[in-house]
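Quick notes on the structure that follows.
All of the numbers you see were taken from the coordinates with simple rules; none came from a lab. Since the model is a prediction, treat every value here as computed from it, not as a measurement.
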Amino acid sequence: MQKEILSFETIVGLQVKDESVYAEYRNAMKGLLEQYEGGFRYDFKIAETLKSETENPINRVFLIYFKTKEKKLSFFADPEYKKIREKYFVPSVESTTQIAEYDRYIN
């Protein structure tokens, strides 16, 4: 029996340097994210990192999901998303670390 893919998920660590502008980014991209069948399952502000395989500092960790990997790629390639990213994400985030990426299956 072949398992059905529920979603394509990515865990990301960020170093956010401007919380208010980053909040504007999240708000501005929410509708577009939903159009691409995406969303956030988890979102954490991190006070202390005990172990890391990157030199990038991390103060925010989240899990973003899409129905498929293709939807994720299309979302990040969308010209409207790129405008939002340039306006809000770029000035508010110092560094990005992709921690994991995987398909989530229905059992």
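Here are the numbers for this structure:
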item: Total residues in segment 3-37, condition farther than 14 Å from Arg85 by Cα and β-branched (Val, Ile, Thr); result: 4
item: Boolean, Lys67 is basic (Lys, Arg) and over 13 Å from the mean Cα position of the chain (by Cα); result: yes
item: Sole residue being within 15 Å of Tyr88 (Cα to Cα) and among the acidic types (Asp, Glu), chosen from Glu34, Glu55, Glu24; result: Glu24
